[in-house]
Structures are given as structure tokens and as C-alpha cells.
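A quick write-up on the structure given underneath.
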Amino acid sequence: MMSGKKRVLLCVTGGIAVFKAAALTSKLSQSGFDVKVLMTKSAAEFVTPLTFQALSRNPVHMDTFNEKDPEKIAHIDIADWADLVIVAPATANVIGKIANGIADDMVTTTLLAVTAPVMIAPAMNVHMYAHPAVTKNMDTLRSFGYTFIEPGEGFLACGYEGKGRMEEPEVIVKEAEAFFSQQLHPQWKGRNVLVTAGPTQETIDPVRFFSNRSSGKMGYSIAEEAAKRGATVTLVSGPSSLLDPPGVTTVRVTTAEEMYDAVISRYHDQDLVIKSAAVADYRPSETFEQKVKKSNDDMTIPMERTKDILKELGERKEHQILVGFAAESEQVISYAEKKLQSKNLDMVCANSIVDPGSGFQSNTNAITLIRRDQEAQSLPLLQKKEVATKILDAADELFEERDKR
Ligand SMILES: Cc1cc2nc3c(=O)[nH]c(=O)nc-3n(C[C@H](O)[C@H](O)[C@H](O)COP(=O)(O)O)c2cc1C
């Protein structure tokens, strides 16, 4: 995930959502973070500290005065240890206490001593969340520089429905990853990035279309990674079953023509465009309003060319860095090199769709990065998420070169 283990201090306070904090501890550890947990006495009424100790593989602290190591003062030591603090779930009570500088247990005392950034994930009854005291305390904490991972809406354990549900552990983990990624890649903040992904569908009649095997996984991974680094990301996606990546503006289209419009209309504002979509090269010349009925004769469907989006982006290029994909089944590198020249690209990510573990549908990909005046860089078979980081690292070099010119 990242170089060296980043240290996350998880402060767990006393609400029903403590059970979700157990899953959060596990997911943070699985994502490669070193996790320590502090609990309030109320939190331990819901889930025992032993659960958190086992999931974090670190001792859990609850009592400020249980000083086991005479060389250290535990709450200061732990406060200094943290690279990031997450309070999840955060009760109305603890939000009120830290907004007012109250330090009367291990969690609140440590939070006052922390200098690392603090993220707060509130969880409470919908009326508690809407109480002006809670709103005011949250505003105070925002003014101190704390960030909030807002609760979602939905069914609450208290029987009410509404805002107050602690955000899902997966989302909180992604927020933590994004925080560290932005620390590592500050140059991405302020960059506008447009990524295309997925197949297009070209209509024949109300029930049939031409399409291809693209899943969208590569483009979605790139969009998510760019957003994690702090870029402003637009994902133009053909039909895909994947969920919108967090922090990304996703524009869903169906046909090559719609993708053309969605990309061209946004092109001027972009700093980087990565075209990983598998856009149909041909579409039926005619579409039928009614379902085509079968007959005993063979059928021929005349096809016409769709617009070549990448070529047009290359022709209209101003300040943008333009990256294309070349998914080929033979002569991969030579076709990709031709594409780099003929479409005026800055980089081509070439991949063989016939190699095992590569190409459409799969979670892995082995690509070769081809840039102008540089030796081709072949990457080993990697998870598409890792491939995304390599492509963005290479794009970083292209930004540096562009800025030198
Ligand atoms: C069953 C139960 C569920 C609770 N759930 C919440 C909750 O989700 N959010 C909240 O702010 N308080 C909740 N409370 C109230 C807190 O536990 C209480 O305010 C406590 O003093 C919080 O202590 P702490 O902030 O030190 O953990 C709940 C209490 C009970 C008995």
C-alpha cells in the first residue's frame, strides 16, 4: 500500500456502532496500517477491549491512570505515536467534550495531546445528531481543523430512520488511505483529470447491441487512485457493473457518440486525460425502432465508423497530457508505438489481451508504458490498482517534463 507502516490511532466511544469499529480495526490492519485502539468505558459496554486487542495486535488502553511503563506517560506516548487519529464511532458526548477541551478519560485526554490530524465519524440517534449543541460542537471542531466523516442516512439501531449511521468501515479506510496518499503526492491537488472506462454499447434494436468485453476495472482503478492523490477527477464510463469510485464525478454514457460528447465537452478544462475505455470502432448504420424478427435467411448488418475520440483529442491538444491504451492481440508494442505517433499521445499503455491474467475482465494486468523518446517500460503482472499507481507515477514525470518546457 505505502512505504513504511503508517500509524493510525482509533478512538472508540460508546454507541451501538462499536461493532462496526471492530470491522474497521480489522480492515485498517488488513490495509497495511499499524493500528492502536483507545476505548471509553462506555465503548467497552458494547464490545470488549479484547476484541480490539486481537484485531489490532496491540494493547488497548482505557484507563488514563493505568500506567504500566514508568518510563512513559501512556496518553502522551500514544498521542505522539499517531500519524492519523480516527474517532469512530464518535458519540455526541465525546464530540461535546473535545470541542470544549474536556479531558477526563483516556480518549479525551489523548485527543487533547494529539498533534496529528483527527478524523471524526459521528454515530448517534437522528435527533441527537440534529441537536443544536451537537451542530455547534461539530462547527467548533471544524474550526480547530478536525475533519468529519459524515454519517450516512438509513435505518438506525434506535428504530429511527435518518442521518446518524456511522459511515461504513470500507469508506473510512479509503478516507485514511486518501489522507496518506495526498501527503505523499501533494502535486496532484488542483490537477483536473479525466478518465474514460468500460465498453460502449451500439444499439441495433430495442433489445440488441454491439459491445465488447471491457469491464471498466482498469479505468475505475485509475480514477480512484487519482482522486486519492487529491486530483479533481471525472470518470466517463460506458456501461459497467462497477460502483462509482469514491470522490470521483462519474458520468455514465452508453454509446460511442455519447462518450465523444462527454469527453470533448470537458477536454479544455483537463490537465490529464487517460482514455482506457474500449470504444466501439463501428456501430450499425441503421438502428431499428422495433425488435428485428428472425427469418430463415442469413442477416447482414451494415456498420459505419464511430468518431475516433482519441485522435480528435490528439489533434485538439493544448496544454493537456494525453494517455491512451492499446489493447492488442498481436504485435502489441509496434501497434502501440504507431498509436503514440498517429494520435499525438504523450504515453500509451500497451497490453496484450491474450496473455494470461491480462486485459478485459481480469483483476490483474501486465502493461508496457511507451513514452516519446524513452525506452519502453514493461511492468510485471500486477493488480489493476497497482497498475493505476504506476500509470499515475509515469504521468507525474510527464507533468514534470511539460512544466520544464
Ligand atoms: C444501547 C445504547 C446505545 C447508545 N448509542 C449511542 C450512539 O449511537 N451515539 C451516542 O452518541 N450515544 C449513544 N449512547 C449514549 C452513550 O453511550 C452515552 O452518552 C455515554 O455517556 C457516552 O460515553 P462516551 O462518549 O465516553 O463513550 C448509547 C447508549 C446506550 C445505552
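The values are calculated or read from the model by the stated rules, or taken from the named source; none is laboratory data. As the structure is a computational prediction, the values presented were derived from the model and not from experiment. With ideal geometry, Cβ positions are generated from the backbone for all residues, glycine too; neighbour counts draw on all protein chains shown. Each accessible area value is taken on the protein alone, full model and side chains, heavy atoms only, with ligands, DNA and RNA left out. Shrake-Rupley method; radii C 1.70, N 1.55, O 1.52, S 1.80 Å.
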ask   = Measuring from a point 7 Å past the Cα of residue 67 along Cα-to-C-beta, which residues in the stretch 110-128 have an amide N at less than 19 Å?
value = 110-114
query = Which chymotrypsin sites (Phe, Trp or Tyr not before Pro) does the stretch 88-166 hold that lie in a coil by DSSP with at most 15 other beta carbons within 10 Å?
reply = 144, 160
note = Once residue 378 and residue 363 are pulled to full extension, the length gained, defined as 0.36 nm per residue separation minus their Cα-Cα distance, is 3.6 nm
task = Could you list the trypsin sites (Lys or Arg not before Pro) in the stretch 318-376 that lie in coil according to DSSP, counting only those with at most 14 other Cβ atoms within 10 Å of their Cβ?
result = 372
ask   = What is the calculated FRET efficiency for residue 318 to residue 76, with r their C-beta to C-beta distance and R₀ = 60 Å, to the nearest 0.05?
value = 0.65
ask   = How much net charge surrounds residue 169 when only the other residues with a Cβ under 9 Å from the Cβ of residue 169 are counted, with Lys and Arg +1 and Asp and Glu -1?
value = -1
ask   = Which loop trypsin sites (Lys or Arg not before Pro) in the stretch 164-197, with loop taken from DSSP, have no more than 14 other Cβ atoms within 10 angstrom of their Cβ?
value = 189
query = Of the accessible area of the chain, with the probe set at 1.4 angstrom, what percent is carbon plus sulfur?
reply = 50
ask   = What accessible area per residue comes out for the chain, rounded to a whole number of Å², with a 1.4 Å probe?
value = 49
note = Exposed GluC sites (Glu not before Pro) being those in a DSSP loop with at most 13 other Cβ atoms within 10 Å, the longest stretch of the chain free of them is 72-285
request  = At 7 Å along the Cα-to-beta-carbon direction for both residue 301 and residue 53, put a label point, then send me their distance in nm to one decimal.
outcome  = 6.5
key: Length-normalised contact order for the chain - Cα pairs under 8 Å, 6+ apart - percent   = 10
query = Once a ≥ b ≥ c are taken as the square roots of the eigenvalues of the Cα gyration tensor of the chain, is the result rounded (a/c under 1.5), prolate (a/b larger than b/c) or oblate (a/b not larger than b/c)?
reply = prolate
note = Simple spin-label estimate for residue 203/residue 393, 7 Å along Cα→Cβ, in nm, reads 4.5
key: Three-way shape label, the stretch 55-203, alpha-carbon gyration tensor, a/c 1.5   = oblate
query = Put a dot 7 Å past each Cα toward the Cβ at residue 161 and residue 115; how far apart are the dots in nm?
reply = 4.9
request  = Considering only DSSP beta bridges where both residues belong to the stretch 7-179, give the percentage that are antiparallel (nearest 5).
outcome  = 20
